[in-house]
Amino acid sequence: MRQGPGGCAVIRFRFAGIVLLLLHLLLVGWLSLRPLDVMWVTAANLTPFAGIRADLAMGTVEAVRRIGEGLLLLAPLGVLLPMAGGRLTVSPCLSMVRTVAAGALISLGIELLQTGVPGQVVDVDSLWLNTAGVAIAHLLVVPAGRARMRRKRREAHAQRPSGTSEGHDSVPWVETSQGSTPTIPRVGVAP
């Protein structure tokens, strides 16, 4: 199995990311999909930004609380999804698009599952807020974190003497050709 330079560290990093991602999704599922015992529920909000306008009409403190809850619910996915991927060298735009799309799909899945949960109400604005939270967390943490990790990796590689051998981690990883594909000469091409 080829892992490249620092393979063991990458595996530990990805494993930690996957474990934290699963724990976060379990917490989100418990918070979002548990039945609530309430006297009455409001109608589903399928009009974009109507719920945000209603929150803003309730006053600053209540609006900040409700909008903040929507932004923070899935925000850790903006960091945990790239962490579970374990890549250091990737296009920042592509990483952002993949992470935000995954966050939006997870949020949509939660909203669709809420249709069958007593006491939970579907709100299209929570889809917008959850996706925005994922995007903001990704922008604030991931590019700077990847740059820092790449810099530490370069510094560690530059500090190693070139002639030392400290196991397989110090050997530069180069993918070599394995030769041409074997063929069977007696088999002709089908008509």
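The values are calculated or read from the model by the stated rules, or taken from the named source; none is laboratory data. All values derive from a computational prediction rather than experimental measurement. Cβ: placed from backbone, ideal geometry, glycine included. Neighbour counts: every protein chain shown. Ligands, DNA and RNA are stripped out before the accessible areas are found, and what is left, the full protein with its side chains, is counted by its heavy atoms. Shrake-Rupley method; radii C 1.70, N 1.55, O 1.52, S 1.80 Å.
Things to note:
- Extreme residue, most open to solvent (accessible area, probe 1.4 Å), among residues of segment 79-128 that are within 30 Å of MET39 (Cα to Cα) and among the polar types (S, T, N, Q): THR115
- Flag set for ALA132, criterion: part of a helix (DSSP H, G or I), modelled with pLDDT of 95 or more and open to solvent by 30 Å² or more (accessible area, probe 1.4 Å).
- Scanning segment 91-123 for residues being part of a helix (DSSP H, G or I) and farther than 26 Å from ARG12 by Cβ gives a total of 14.
- Looking across segment 37-90, the residues that are assigned to a loop (DSSP other than H, G, I, E, B) and within 19 Å of the chain's Cα centre (by Cα) come down to LEU74, ALA75, PRO76, GLY86, ARG87, LEU88, THR89, VAL90.
- In segment 144-163, the residue that is modelled with the lowest pLDDT out of those that are open to solvent by less than 60 Å² (accessible area, probe 1.4 Å) and not charged (D, E, K, R) is ALA156.
- In segment 57-68, the count of residues that are more than 25 Å from ARG12 (Cβ to Cβ) and in contact (Cβ under 8 Å) with a residue 60 or more places away in the chain is one or more.
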